[in-house]
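Notes for the one structure printed next.
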Amino acid sequence: MNVETPQGTLHVHRTGTSGRPLLLLHPLALSGAVWDPVARFFSDKAQVLALDARGHGESTWDGADFTVDDMAADAAAVLEAADAGPADVVGLSMGASTALTLAATRPELVHRLVLADGTAYYGDDAVPVWAERAERATTVARDKQLEFQRDRWFAAPFLAEHPDEVERVCEIFLKTDSAAHGAACRALGGLDARARVGDVAAPTLVLVGEEDYATPPEMSEALAAGIAGAELRVLEKTRHLSLLERPDLWPSLAAFFGGPQ
């Protein structure tokens, strides 16, 4: 499924034909394809929409810098084009920041919300830190970035026990456009949605890996504390890509989405 917007074409990996829509928003420098195992699990329970962020995967991009607000507007455009709101929305890492912004600014589009390993704000030094990461993203060969990424993404036991899944995610990373990766880094550096956290009205589940040092647990604790009624789960022996590392969580997500209206 493709959605045309003023900045270009947004590509959506669409699976499932019945049930409430489920929008999946991916991490930095990956694509909607990263959600394939999750999409298969939910395909008989929901209409699954896994969006490629602008410049990532098969989505086009006009080359201009963009913000997390822009990515949230893209997500809203997809739900509107699919006539798919309100949807259950899951965001992981960059996708969690996007999902948070979507839920705060377009509450009518979000039924239930899962924020995994995300944040509303990366700290007072975020702009220079993420500018440096953007520089590395665009000047270092992509295969030379993988050691740094693997260690952040997955805990050591998962790396050892699930090499095929690790390789699948690495292949998606290698295919990601370096310029779009850099632009997304700058978008995250400019993120400050702290004032919006309290605007989230959807029932919310906040997840974070205990060993996540990309978005440490205290960032998720701040999200959960600021969202009325939010539930926080800290996941033992888990790092940054928690929802890929922990498929045992997927049934509990299905139960959360099926909860009281």
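Values quoted throughout were computed directly from the atomic coordinates according to the rules given, and no laboratory measurement underlies them. Just so you know, these numbers come straight off a predicted model, no measurement behind them. Quick reminder, even Gly has a Cβ in these numbers, built from the backbone with ideal geometry, and neighbours come from all protein chains shown.
Quick check: anything in the stretch 98-109 under 21 Å from D199 (Cβ atoms), of a type in the set (A, V, I, L, M, F, W, C) and part of a loop (DSSP other than H, G, I, E, B)? Let's see the steps before the verdict.
If we filter the stretch 98-109 for residues that are under 21 Å from D199 (Cβ atoms), which is where we start, we get 98-109.
Checking which are of a type in the set (A, V, I, L, M, F, W, C) leaves us with 99-100, 102-104, 109.
In the following step, the residues that additionally are part of a loop (DSSP other than H, G, I, E, B) were identified as none.
No: the stretch 98-109 contains no residue that is under 21 Å from D199 (Cβ atoms), of a type in the set (A, V, I, L, M, F, W, C) and part of a loop (DSSP other than H, G, I, E, B).
Given the conditions (1) among the acidic types (D, E); (2) closer than 24 Å to A64 by Cβ; (3) within 17 Å of the chain's Cα centre (by Cα), and given that E135 satisfies all but one, which numbered condition is not satisfied?
Here E135 meets the rest and fails (3).
What are the pairs, 6+ residues apart or on separate chains, where a residue within the stretch 29-56 that is without any contact (Cβ under 8 Å) to a residue 24 or more places away in the chain has its Cβ under 7 Å from a residue that is of a type in the set (A, V, I, L, M) and crowded, with 19+ Cβ neighbours inside 10 Å?
These pairs meet every condition: W35/L24; W35/A50.
Can you say whether R142 is in contact with a helix residue (DSSP H, G or I) (Cβ under 7 Å, 6 or more places away or on another chain), of a type in the set (K, R) and free of Cβ contacts under 8 Å to residues at least 60 places away in the same chain, as far as the supplied structure shows? Give the derivation first.
Values: in contact with a helix residue (DSSP H, G or I) (Cβ under 7 Å, 6 or more places away or on another chain): yes; of a type in the set (K, R): yes; free of Cβ contacts under 8 Å to residues at least 60 places away in the same chain: yes.
In short, yes.
Would you be able to tell me the number of residues in the stretch 164-210 that are closer than 21 Å to S252 by Cβ, buried (at least 19 other Cβ atoms within 10 Å of the Cβ) and out of contact with any Phe, Trp or Tyr (no Cβ under 6 Å at 6 or more places or on another chain)?
Here is the first cut: in the stretch 164-210, the ones closer than 21 Å to S252 by Cβ are 165, 200, 202-210.
From what's left, buried (at least 19 other Cβ atoms within 10 Å of the Cβ): 200, 202-209.
Keeping just the survivors that are out of contact with any Phe, Trp or Tyr (no Cβ under 6 Å at 6 or more places or on another chain) gives 200, 202-204, 206-209.
Here the count works out to 8.
From the set of residues in the stretch 81-124 that are touching a helix residue (DSSP H, G or I) at 6+ places or on another chain (Cβ under 7 Å) and charged (D, E, K, R), which is surrounded by the most Cβ atoms within 10 Å (Cβ to Cβ)?
Here the answer is D117.
So which of H13, H56 ends up being under 15 Å from the mean Cα position of the chain (by Cα), in a strand (DSSP E or B) and more than 19 Å from L115 (Cα to Cα)?
H13
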